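Taking it in order: structure first as structure tokens, then the write-up.
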Amino acid sequence: MEILKAIGLFFAGIIGGLYAANVGGGALISFPLLLLTGLPTASAIATQRLAAVILEGGAALKFYRTKNLNLKLGIFLGIAAAAGSLLGSKILISINERHLNLIIGILLFFITIFILFKDRFGIKEIKLSKIHFAQLFIFTFLLGIYGGFFGAGFGIFIMMLLVFFGLTYIKGAAIGRLVGFFMSITAAIVFANSGLINYLYGLSLGFGFAVGGWIGIGYAIKKGEGFVKGLLVIVVIMSILKLISGFFNIKII
């Protein structure tokens with residue numbers, strides 16, 4: 001029975017990885033699936049982090065090989081995310097989970113509006129200054145805290161942050177994957193030391209993610225900015241529905 005569940009997670013990972021490696025949000029699919037296997041919530045979160053290590057690492061490598069990854073910026077922000085993740089994976093967030101879902105869902109709604117009309121705001125790719133680097137480091141650290149504690153939607157948030165600071169969608173996706181790798185591996189180490197990870201499920205889901213992500217990134221690079229932007233909007237809308245429905249205890253997705 002455990003093997004059948006692991007195989008199911010592998011194929012689910014392939015589907016999720018097709019978009020998650022580009023714009024994030026894989027946990028919004030994999031986390032509920034891990035709960036359906038019978039894992040406790042804490043173990044599901046921990047197992048998801050292990051799977052994310054494989055997804056993010058494979059995706060970052062793919063972007064690097066296609067020369068779309070700013071390695072220095074990715075490592076710089078990755079350190080911030082790792083520090084935040086270390087803190088987030090060791091603390092409990094005081095906000096009730098239902099309320100947290102509602103807050104994040106509302107934020108995603110307004111950010112989606114920003115993405116759709118970004119060009120009208122006159123925001124274009126810019127050369128980052130020292131102030132921009134400092135701001136990005138702080139915001140990434142804060143996102144890392146959330147990522148270490150729960151993580152669902154982290155990839156979406158980090159990509160939106162990078163796009164907000166003027167990076168293109170492709171470059172934002174590439175850096176976001178490397179940052180996600182640093183965040184995920186830090187949290188996974190903490191969770192592993194606590195004995196919370198189901199390695200069979202985590203590795204099965206993770207390798208499925210890697211396969212789907214490798215295919216999805218290649219397709220996205222060929223299609224260009226418009227494809228990634230459209231994909232991001234779709235995933236964000238799905239995330240909003242998932243989070244809001246969770247607040248009202250309604251199963252929409």
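Counted by Cβ distance under 13 Å from Ser204, the other residues give a net charge of 0, where Lys and Arg count +1 and Asp and Glu count -1.
Using the Cβ-Cβ distance between Leu128 and Leu71 with R0 = 22 Å, the FRET efficiency computed as 1/(1 + (r/R0)^6) comes to roughly 0.90.
Just so you know, all these numbers are worked out from the coordinates, no wet-lab data involved. Note that the structure is predicted; figures quoted are calculated from it, not measured. Neighbour counts are summed over all protein chains in view; Cβ atoms, including those assigned to glycine, are modelled from backbone coordinates with ideal geometry.
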